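The structure under discussion appears below in the form of structure tokens.
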């Protein structure tokens, strides 16, 4: 896989669980396919094919980047699976959405193939196209009554958080911390507010307190980590808000060595902002 094209693999894995147990080089006898169609109802037959495709996702879900050869084989298997689905004869009530599903998935596969072959920034457009087409294909699969073929999770716009962004930000500033720099009420217009402060105690203790504060104020899906500059962070979500709490350690980041007071990123901080999911992923 060339250059930055490899960067799309984790994204594709999170969104798609598409693999394939069906291989491109397996022969498919027409007469046998006709017998199977006669024996199995359409929905069950389609679901069986899609279940096999999902079961083969180990090539890209094993925690390592697949090789070029592995990814080419995976794309071939996906195409073979979609070809098998195309040979089914859906009832009239399911046909329109089922054919739409196949159309989107084939475009998705073409976009992934283009991303795999890319060695420049054009990979980003290919990945975006793959995500959009995969999401639309999965939406059509659900509408066609074959939910097992919905490889991408359903994406919905989260509800609006009722609290102003600045109030939500201030609520997460530790009690007793010295505020060094804070946005004003004007930040509510953009729903992106930040407060910088100086906290007390060890980084580990402050991080635990930050996670407790997040939970106490209704934030969910909290996760923690460390940045390349040595700071520690906690992120979480509430309705359509995302929050990032960054805590500096005893050693300040290198760019803060001679920085003036209030330099961005040179103190502990809380940043709350609204997340808008593009309509192309949530619409019809």
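The values are calculated or read from the model by the stated rules, or taken from the named source; none is laboratory data. Computed from a predicted structure; not experimentally measured. Cβ coordinates were reconstructed from backbone atoms using ideal geometry, including for glycine residues, and neighbour counts include every protein chain displayed.
So, residue 282, is that one surrounded by fewer than 17 Cβ atoms within 10 Å (Cβ to Cβ), modelled with pLDDT under 80 and over 29 Å from residue 159 (Cα atoms) or not? Walk me through how you get there before you give the answer.
Details: surrounded by fewer than 17 Cβ atoms within 10 Å (Cβ to Cβ): yes; modelled with pLDDT under 80: yes; over 29 Å from residue 159 (Cα atoms): no.
In short, no.
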| query | Do we have any residue at all in the stretch 170-182 that's in contact (Cβ under 8 Å) with a residue 24 or more places away in the chain, within 22 Å of residue 234 (Cα to Cα) and in a helix (DSSP H, G or I)? | reply | yes
| Regarding residue 47, is this residue surrounded by fewer than 17 Cβ atoms within 10 Å (Cβ to Cβ), over 16 Å from residue 108 (Cα atoms) and at pLDDT 85 or above? | no
| For residues in the stretch 116-136 being farther than 23 Å from residue 282 by Cβ and part of a helix (DSSP H, G or I), which is nearest to the chain's Cα centre (by Cα)? | 123
| message | Going by what's in this entry, would residue 106 be described as touching a residue at least 24 places away in the same chain (Cβ under 8 Å), under 18 Å from residue 44 (Cα atoms) and either in the same structural domain as residue 189 (by TED's automatic domain parsing) or surrounded by fewer than 18 Cβ atoms within 10 Å (Cβ to Cβ) (or both)? | response | no
| request: Determine whether the stretch 11-26 contains at least one residue that is loosely packed, with under 13 Cβ neighbours inside 10 Å, more than 21 Å from the chain's Cα centre (by Cα) and at pLDDT 75 or above. | output: no
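Conditions tested, residue by residue: (1) at pLDDT below 95; (2) closer than 14 Å to residue 269 by Cβ; (3) not assigned by TED's automatic domain parsing to the domain that holds residue 169.
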residue	(1), (2), (3)
182	yes, yes, no
190	yes, no, no
212	no, no, no
215	no, no, no
221	yes, no, no
226	yes, no, no
230	yes, no, no
234	no, yes, no
238	no, no, no
